[in-house]
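The values are calculated or read from the model by the stated rules, or taken from the named source; none is laboratory data. Keep in mind the model is a prediction, meaning the values are calculated, not measured. Accessible surface areas use protein heavy atoms only, side chains included; no ligands, DNA or RNA. Shrake-Rupley method; radii C 1.70, N 1.55, O 1.52, S 1.80 Å.
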Amino acid sequence: QVQLVESGGGLVQPGGSLRLSCAASGSAGSVFKFYAMGWYRQAPGKERELVAHIPSSAVISSVSTYYADSVKGRFTISRDNVKNTVYLQMSSLKPEDTAVYFCNRAPRPTDEYWGQGTQVTVSS
């Protein structure tokens, strides 16, 4: 079985911070270290968009790590291949960041890997 479980979402005030986690297990866990991973988000009535992605290597650079223009400078993606976990550190949050956040392979996701996501709500 393949499983990706997102966590860490919640309600936060504008300008606040959250750290999201995505833990891979089963089939996803067994190949996690070989895959580039990413974070996606989807707001009600809007299409899912890619927020950030990170290569399989634990060494990160501004060239190898991708961020959408809307989050660049505010979000940081990282991963721990020992724990089979990818993180998204979110700071300076804005109301427009409100969405359900998902993790998956990136930049081309695998349909079977979509989980339930974690809700992030930015509101005063």
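A few comments on the model shown:
- Looking across the range 1-40 at every residue that is in a loop (DSSP other than H, G, I, E, B) and closer than 14 Å to residue 78 by Cα, the one that is nearest to the chain's Cα centre (by Cα) is identified as 36.
- Residue that is modelled with the lowest pLDDT [pool: residues in the range 41-59 that are open to solvent by less than 70 Å² (accessible area, probe 1.4 Å), more than 14 Å from residue 120 (Cα to Cα) and assigned to a loop (DSSP other than H, G, I, E, B)]: 57
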